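Undergrad: The structure's right below; bear with me while I get my questions together.
The values are calculated or read from the model by the stated rules, or taken from the named source; none is laboratory data. Everything numeric here is computed off the predicted structure, so don't read it as measured data. Every residue, glycine among them, receives a Cβ derived from its backbone with ideal geometry; neighbour counts consider all protein chains shown. Only protein heavy atoms, including side chains, enter the accessible area calculation; ligands, DNA and RNA are left aside. Shrake-Rupley method; radii C 1.70, N 1.55, O 1.52, S 1.80 Å.
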Amino acid sequence: MRIPLAALLACALPLTAAPAPASAAPPAVTLDSVLPAPVSVRPSGSDFRLTAATVIEAPASARNVADRLAAALRPATGYRLPIVGHARAGTPAITLSTSHPGGSTATAGAGSQAGAASQAGHGDATLGAEGYRLTVRRSGVTLRANGNAGLYAGVQTLRQLLPAAIDAATPQHVRWTVPGGDIVDYPRFAYRGAMLDLARHFHTPGEVKRYIDDLSRFKINYLHLHLADDQGWRIQIDSWPRLTTVGGAPGTGVDGVGGGFLTKADYRDLVRYAADRYVTIVPEIDMPGHVNAAQVAYPELTCDGVAPPPRTDTEVGYSSLCIGKEITYRFVEDVIRELAAMTPGPYIHIGGDEAHATTTEDYLTFEQRVLPLVRKYGKTAYGWNEISRAPSASKAVAQYWGLDTSDATLAAAVARGTKVVMSPANLAYLDMKYDPSTPLGLSWAAYIEVHDAYGWDPGTRLADVPASAVLGVEAPLWSETLRSIDDIEFMAFPRLPAIAELGWSATHDWESFRARLGAYGPRWVFQGVNFYRSPQIDWAH
């Protein structure tokens, strides 16, 4: 989704905030050091010390979460941290507990957000499917939730309450203390997403997994993968094999350096990997525009049957499926059917943006036929906000990427039932430069510093769309200028935690966020994350 730079130079003026010193002494970890900010924090002063004698106590149903916790803590501490079903009396323990009617252990399956969601309303109704209660005393740590998704969110909080060296890959000589007190926490929005563009430049499964690990630390629970565009097609579709043998071949991608694609086995493995971290994959195939790569592979998808030349530039708006040909809908249905079959999550994203080569009448005809196809295969249709023009979008989710603070077309669709995910390009697009000197990224929407990414509200950004219609927020990262995981991380961090806090936390305070973000910096250093050291943040050593 790109607007030519020349058309939007007026939008490229930097939004500014007062710069701050580049570094500061590392503050002590406190119960309110967490990103994103919890709902309620009550310090007690009764700290817990993690030692070689500590065990992790968890029911069999939460073994997935216990394994993740142990794997996170063992390298830096050097402790065994055995996982047990029941700790002996007097043993220092980190206890994971899921509630169920009658107080029995929950049975949410490992990595299953659906399993966790099924328990919403059971146990502690305040927490919902993803909330948790964390109690820290000198004798032990107890983490309670309605299901495993809540436990996993609590584990991310617990990791941040240990010294930053907990993220080191080798044993560290540190006193491993968790500050005492109580946290009650649950998300503001159910949808808290990030997007990664694999079409303009193919990022390997290993890089995608690394990004999943990075973002799940901040309670991001959806990863939207942009899998097809004018420059490349990145997902295997058995019924149309040339999509990847041609559209994913070497030489595809921006500047011809982004070739590659996901096999179905690769994709399923990513889905499983994400689910184990309570992240749901949302696949996107952009249409009826952004389809040049598909038409190079299959010229019958054009109106004249002639293959267009491959494109490795960054222009947009020139390609369109042939709306009047039945083969178009056979192609679209095949793609949706195969994607739905290997995607357990609820959404299939069908793009719909920048279809400048499609007439308004043809666009509506296309969406009226295609949106119901997503429902036919058991999924909820999801698309960029342009799809809201179609009457059949009333049961869809529209992703708002515009620059304005109102949208009458989207508001009318919301009145008919459409839900909204907020991704305003001038605030949430992670591929926008931080400032004019940023070596990567673009600037057609804005320069986006950390303060800009944090200083808005997804629930009130559109004056004519009520907060009740907003499912959440997503931070897209387009790949025209990105070539590696270092590039991805440099553009995502530290802005992604800002978007994560807008999605998770009910209240937002820039000075508090700025302090907590600065204190988090050493953790990224230990993790090897290539983050941007914004001058707006006092980065701890």
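Undergrad: In this structure, does Ala71 turn out to be farther than 22 Å from Gly181 by Cβ, open to solvent by less than 50 Å² (accessible area, probe 1.4 Å), among the small types (Gly, Ala, Ser) and not in a strand (DSSP E or B)?
TA: Spelling it out, it is not the case that Ala71 is farther than 22 Å from Gly181 by Cβ, open to solvent by less than 50 Å² (accessible area, probe 1.4 Å), among the small types (Gly, Ala, Ser) and not in a strand (DSSP E or B).
Undergrad: Scan region 398-419 residue by residue and report those that are open to solvent by less than 50 Å² (accessible area, probe 1.4 Å), within 23 Å of His356 (Cβ to Cβ) and either among the aromatic types (Phe, Trp, Tyr) or not in a helix (DSSP H, G or I) (or both).
TA: Those that are open to solvent by less than 50 Å² (accessible area, probe 1.4 Å), within 23 Å of His356 (Cβ to Cβ) and either among the aromatic types (Phe, Trp, Tyr) or not in a helix (DSSP H, G or I) (or both): Ala398, Gln399, Tyr400, Trp401, Gly402, Leu403, Asp407, Thr418.
Undergrad: Quick one: in region 382-430, of everything that is of a type in the set (Val, Ile, Thr) and closer than 15 Å to Gly351 by Cα, which residue is nearest to the chain's Cα centre (by Cα)? Let's see the steps before the verdict.
TA: The initial filter retains those residues of region 382-430 that are of a type in the set (Val, Ile, Thr), namely 387, 397, 405, 409, 414, 418, 420-421.
Remaining after also requiring closer than 15 Å to Gly351 by Cα: 387, 397, 420-421.
Values: Ile387: 22, Val397: 16, Val420: 16, Val421: 12 Å.
The selected residue is Val421.
Undergrad: Give the number of residues within region 12-44 that are open to solvent by less than 30 Å² (accessible area, probe 1.4 Å), over 19 Å from Leu427 (Cβ atoms) and modelled with pLDDT under 50.
TA: Matching residues across region 12-44 total 1.
Undergrad: Now for a separate question. Name the single residue that is most open to solvent (accessible area, probe 1.4 Å) among those in region 463-508 being over 16 Å from Met195 (Cα atoms) and in contact with a Leu (Cβ under 7 Å, 6 or more places away or on another chain).
TA: So the residue we want is His508.
Undergrad: In region 351-375, what residues are touching a residue at least 40 places away in the same chain (Cβ under 8 Å) and either touching a Leu at 6+ places or on another chain (Cβ under 6 Å) or assigned to a helix (DSSP H, G or I) (or both)?
TA: Asp362, Tyr363, Thr365, Phe366, Arg369, Val370, Leu373
Undergrad: Are any residues in region 211-259 surrounded by fewer than 19 Cβ atoms within 10 Å (Cβ to Cβ) and either within 24 Å of the chain's Cα centre (by Cα) or among the polar types (S, T, N, Q) (or both), and if so, which ones?
TA: Scanning region 211-259 gives Asp213, Ser239, Thr245, Gly259.
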